[in-house]
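Worksheet: one structure, shown below.
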Amino acid sequence: PVDASTYDVVSFDYYAAPATAGTAGFRLEMIHNNPGVAGFVYEIGPGPGDQEALVSEQWTRVEIPMSYFTGLGFSSADFFQWKFDPYMQSVDNKIYVFIDNFLLTRNDALSLDDFDTAEFKVFPNPSNGNWNISSNSTISTVKVYDILGKQVSSMTPNSNEVNIDASNFKSGIYFAKIQGETGSKTVKLIRQ
């Protein structure tokens, strides 16, 4: 176990594809190990009893006060692990959910007043061929993933502009995780 009692916000970003079967949603479980291993759940889905409604087909930021979990009995001083599960742990749910930027922070996880943030522009999008990325800061890495989460391309341009050659990509949706000197962003790419 790790003492996470100085953190007061749990945050992450997610992208949920439309469900192909079952009920769309997922859950975050914070787990402690004292006394014994126990989990405490925050559920995102369609039900009226869920903590938050699921948003599909766009990146969504979730910020949960640590007091939500400690109010359920979670011991943040004995933080053991976290995990994501299907909605209500049902094996009938057919949904892809991408998770990024999972953080335990003090105060507001999105308080960026003291930071420079990178701006990224991707064009053309949708594209028949290549995508161009430009930024106000140096782009250190670009990783492209298909809709199933498989990495299909990786680059380390170390410049303010980069070209993603998509000539060998099939038509469909991809995600580019762009890392710059002063921030990162994941963008949806469409290959026509």
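The values are calculated or read from the model by the stated rules, or taken from the named source; none is laboratory data. Predicted model only: the values in this text are computed from it and were never measured. Cβ placement follows ideal geometry from the backbone for every residue including glycine, while neighbour counts extend to all protein chains displayed. Ligands, DNA and RNA are excluded from the accessible area calculation, which covers all protein heavy atoms including side chains. Shrake-Rupley method; radii C 1.70, N 1.55, O 1.52, S 1.80 Å.
See the values below:
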{"quantity": "Check on residue 129, surrounded by fewer than 16 Cβ atoms within 10 Å (Cβ to Cβ), modelled with pLDDT of 90 or more and assigned to a loop (DSSP other than H, G, I, E, B)", "calculated": "no"}
{"quantity": "Exclusive hit being within 19 Å of residue 89 (Cβ to Cβ), of a type outside the set (Ser, Thr, Tyr) and open to solvent by 40 Å² or more (accessible area, probe 1.4 Å), set 18, 46, 35", "calculated": "46"}
{"quantity": "Which numbered condition residue 161 misses (of (1) open to solvent by less than 90 Å² (accessible area, probe 1.4 Å); (2) assigned to a strand (DSSP E or B))", "calculated": "(1)"}
{"quantity": "Residue, most open to solvent (accessible area, probe 1.4 Å), within the stretch 141-158, restricted to residues that are hydrophobic (A, V, I, L, M, F, W, C) and part of a strand (DSSP E or B)", "calculated": "152"}
{"quantity": "Lone qualifier among 138, 182 - being open to solvent by 40 Å² or more (accessible area, probe 1.4 Å), over 21 Å from residue 17 (Cβ atoms) and in contact (Cβ under 8 Å) with a residue 24 or more places away in the chain", "calculated": "182"}
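Residue-by-condition table, conditions (1) aromatic (Phe, Trp, Tyr); (2) touching a helix residue (DSSP H, G or I) at 6+ places or on another chain (Cβ under 8 Å); (3) without any contact (Cβ under 8 Å) to a residue 60 or more places away in the chain; (4) surrounded by 15 or more Cβ atoms within 10 Å (Cβ to Cβ):
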{"site": "7", "(1), (2), (3), (4)": "yes, yes, no, yes"}
{"site": "12", "(1), (2), (3), (4)": "yes, no, no, yes"}
{"site": "40", "(1), (2), (3), (4)": "yes, yes, yes, yes"}
{"site": "60", "(1), (2), (3), (4)": "no, no, yes, yes"}
{"site": "67", "(1), (2), (3), (4)": "no, no, yes, no"}
{"site": "79", "(1), (2), (3), (4)": "yes, no, no, yes"}
{"site": "86", "(1), (2), (3), (4)": "no, no, no, yes"}
{"site": "97", "(1), (2), (3), (4)": "no, no, no, yes"}
